[in-house]
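J.: Pasting in a structure now, in structure tokens, and then I'll have a few things to ask.
The values are calculated or read from the model by the stated rules, or taken from the named source; none is laboratory data. If you're wondering where the values come from, they're calculated on a predicted model, not measured in any experiment. Glycine also receives a Cβ, built like all others from the backbone with ideal geometry; neighbour counts cover every protein chain displayed. Just so you know, the surface numbers come from the protein's heavy atoms only, side chains and all, with ligands and any DNA or RNA stripped out. Shrake-Rupley method; radii C 1.70, N 1.55, O 1.52, S 1.80 Å.
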Amino acid sequence: MSPVILYSTDGCHLCELAQQQLEQLAYPFEIVDIIDDPSLVEKYGTRIPVVLNNNTQELGWPFELSELKTFLGSSC
């Protein structure tokens with residue numbers, strides 16, 4: 001199971017919710033703070049949290065736990 005990327009930034013309560021969902025599913029993930037890269041701010045600044053799988057598919061907020069689970073199943 002390859003880790004997914006969670007695009008996030010400090011102080012984003014929706015990002016915290018997405019992180020909790022990933023933790024609840026016990027799925028490996030890496031958090032990438034978009035603030036460190038101007039191109040990521042431009043791409044995801046108004047869309048975070050966004051989960052990116054190893055197939056380069058994106059799941060943007062809002063999503064429910066069941067949607068995240070289905071998305072992660074497609075990235076295995």
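J.: In region 43-76, what count of residues is obtained for those that are loosely packed, with under 10 Cβ neighbours inside 10 Å and among the charged types (D, E, K, R)?
T.: The total comes to 1.
J.: Further question: Considering only residues that are touching a helix residue (DSSP H, G or I) at 6+ places or on another chain (Cβ under 7 Å) and farther than 14 Å from Leu14 by Cα, which ones fall in region 35-52?
T.: Matches in region 35-52: Ile35, Leu40, Val41.
J.: Do we have any residue at all in region 2-12 that's of a type in the set (Gly, Ala, Ser), in contact with a helix residue (DSSP H, G or I) (Cβ under 7 Å, 6 or more places away or on another chain), under 19 Å from Glu64 (Cα atoms) and at pLDDT 95 or above? Reasoning before the result, please.
T.: As a first pass, look at region 2-12 and keep what is of a type in the set (Gly, Ala, Ser): 2, 8, 11.
Checking the rest, the ones that are also in contact with a helix residue (DSSP H, G or I) (Cβ under 7 Å, 6 or more places away or on another chain) come to 8.
Then keep just the ones that are under 19 Å from Glu64 (Cα atoms); that gives 8.
Filter once more, keeping what is at pLDDT 95 or above: 8.
Yes - at least one qualifying residue is present in region 2-12.
J.: Could you pull out every one of the helices (runs of 4 or more DSSP H) wholly within the chain that has 2 or more residues that are of a type outside the set (A, V, I, L, M) and touching a residue at least 40 places away in the same chain (Cβ under 8 Å)?
T.: Details: elements: 13-24, 38-44, 65-73.
Where helices (runs of 4 or more DSSP H) fall fully within the chain and carry at least 2 residues being of a type outside the set (A, V, I, L, M) and touching a residue at least 40 places away in the same chain (Cβ under 8 Å), they are 13-24.
J.: Do you know which of the residues in region 13-42 that are open to solvent by 50 Å² or more (accessible area, probe 1.4 Å), charged (D, E, K, R) and farther than 17 Å from Leu59 by Cβ is modelled with the lowest pLDDT?
T.: For region 13-42, the residue satisfying everything is Asp36.
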